[in-house]
Every structure is written in structure tokens, then in C-alpha cells.
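Asker: Okay, here's the structure, questions in a sec.
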Amino acid sequence: MAEMSDYLENALLEATLRSTTFTAVGTPYVSLHTADPTDDGTGTEVSGGSYAREAGTFDAASGGVTQNSSAIEFNQATGNWGTITHFGIWDALTTGNMLYHSAFDASKVIETGDILKIDTGSLTVTLD
């Protein structure tokens, strides 16, 4: 389950009810957070220690659900990233607009030398 960001909620309303163009996201990027990024995308994203958002690929949606179609593996941490509690999905590698966000089922402490990997099918986005 993931929540839509304020940006995406407004963009979809404008596109579906006001004929405003919405540009499809070419490559979605997954971010890691040590605090809830919230709908406005202001939560604490990991920084430093070789952290970078990673590109994700997703299955065709069915029944309002999609999931990552391949594993998402982050760089090996060259410094402590802290306790990862949440993820975000963005339309850009840096800055950009957050589309979705949610908490991981379990938090994970990432220290120097660790690699965080999200297995295929483990990151689910559901719209109700």
C-alpha cells in the first residue's frame, strides 16, 4: 500500500477533470527515508554515504495494484544511513516530484558496508 503525494493527487485531478496535460513518468525512482516523507514530500530522505535513489520498474497494474517487476538494489553504504523506515517513488533521480510514499513493513538499520535490496514483488502500490 502506498499513499499518493499532494503533487500527484492534484496532477491527476487536473488531468482527469480539467483536461490539463499530465506527463507520464519515464523512469520512477525509489527513495529511502528515516522518517515519513508525508504527502508533501518533506520527510527525511537519506543523504551521503554513497546513497542515491534507484530506478524501479513495475508490472502492469491490475485491480488497482502494481508491484516492482525487478529487484531494486541500492549502492553499498559508505557511511551509516540510519534506520530506514519509509520509501518514496519520484519522477526524477534528484529533486523532482514525489508520487507515492509509504512505510516499509519493518525498519532496517543501514550501516557502513550494508546494501539494501528490495526483492522483486516486494514493493506494492495500491490505489483504492
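The values are calculated or read from the model by the stated rules, or taken from the named source; none is laboratory data. Here the structure is a predicted model, which means the values were calculated and not measured. Note that each Cβ is placed from the backbone with ideal geometry, even for glycine, and that neighbours are counted across all protein chains shown. Each accessible area value is taken on the protein alone, full model and side chains, heavy atoms only, with ligands, DNA and RNA left out. Shrake-Rupley method; radii C 1.70, N 1.55, O 1.52, S 1.80 Å.
Asker: Residue by residue through region 62-78, note down the ones that are free of Cβ contacts under 8 Å to residues at least 40 places away in the same chain and open to solvent by 20 Å² or more (accessible area, probe 1.4 Å).
Answerer: The initial filter retains those residues of region 62-78 that are free of Cβ contacts under 8 Å to residues at least 40 places away in the same chain, namely 62-63, 76-78.
Ser62, Gly63, Gln76, Thr78, listed by residue number.
Asker: List the number of the failed condition for Leu99; all other conditions in (1) in a loop (DSSP other than H, G, I, E, B); (2) in contact with a helix residue (DSSP H, G or I) (Cβ under 7 Å, 6 or more places away or on another chain) hold.
Answerer: (1)
Asker: Could I ask something else about it? Among the residues of region 40-59, which ones are at pLDDT 95 or above and of a type in the set (D, E, K, R)?
Answerer: Glu45, Arg53, Glu54, Asp59, listed by residue number.
Asker: Write out, first by first residue and then by second, each pair whose Cβ atoms fall under 7 Å of each other, whose residues are 6+ apart or on separate chains, and whose first residue, in region 106-128, is within 18 Å of Thr85 (Cβ to Cβ) and in a strand (DSSP E or B) while the second is open to solvent by 80 Å² or more (accessible area, probe 1.4 Å) and of a type in the set (Asp, Glu).
Answerer: So the pair list comes out as Lys117/Glu73.
Asker: Would you confirm, using the coordinates I've provided, whether Ile115 is closer than 16 Å to Val46 by Cβ, aliphatic (A, V, I, L, M), surrounded by 15 or more Cβ atoms within 10 Å (Cβ to Cβ) and modelled with pLDDT of 95 or more?
Answerer: Details: closer than 16 Å to Val46 by Cβ: yes; aliphatic (A, V, I, L, M): yes; surrounded by 15 or more Cβ atoms within 10 Å (Cβ to Cβ): no; modelled with pLDDT of 95 or more: yes.
Judged against the criteria, Ile115 is not a match.
Asker: If we keep just the residues of region 13-25 that are at pLDDT below 95 and of a type outside the set (S, T, N, Q), which is surrounded by the fewest Cβ atoms within 10 Å (Cβ to Cβ)?
Answerer: Of everything passing the filter in region 13-25, Ala24 is surrounded by the fewest Cβ atoms within 10 Å (Cβ to Cβ).
Asker: Could you tell me which residue of region 26-50 is least open to solvent (accessible area, probe 1.4 Å), considering only residues that are among the charged types (D, E, K, R) and in a loop (DSSP other than H, G, I, E, B)? Let's see the steps before the verdict.
Answerer: Kept after step one, since they are among the charged types (D, E, K, R), are these residues of region 26-50: 36, 39-40, 45.
Adding the requirement that they be in a loop (DSSP other than H, G, I, E, B) leaves 36, 39-40.
Numbers: Asp36: 66, Asp39: 48, Asp40: 94 Å².
Within region 26-50, the match that is least open to solvent (accessible area, probe 1.4 Å) is Asp39.
Asker: Tell me the residue from Gly41, Gly48 that is among the small types (Gly, Ala, Ser) and in contact (Cβ under 8 Å) with a residue 40 or more places away in the chain, please. It would help to see each step written out before you state the result.
Answerer: Numbers: Gly48 fails: in contact (Cβ under 8 Å) with a residue 40 or more places away in the chain.
Checking each option against the conditions leaves just Gly41.
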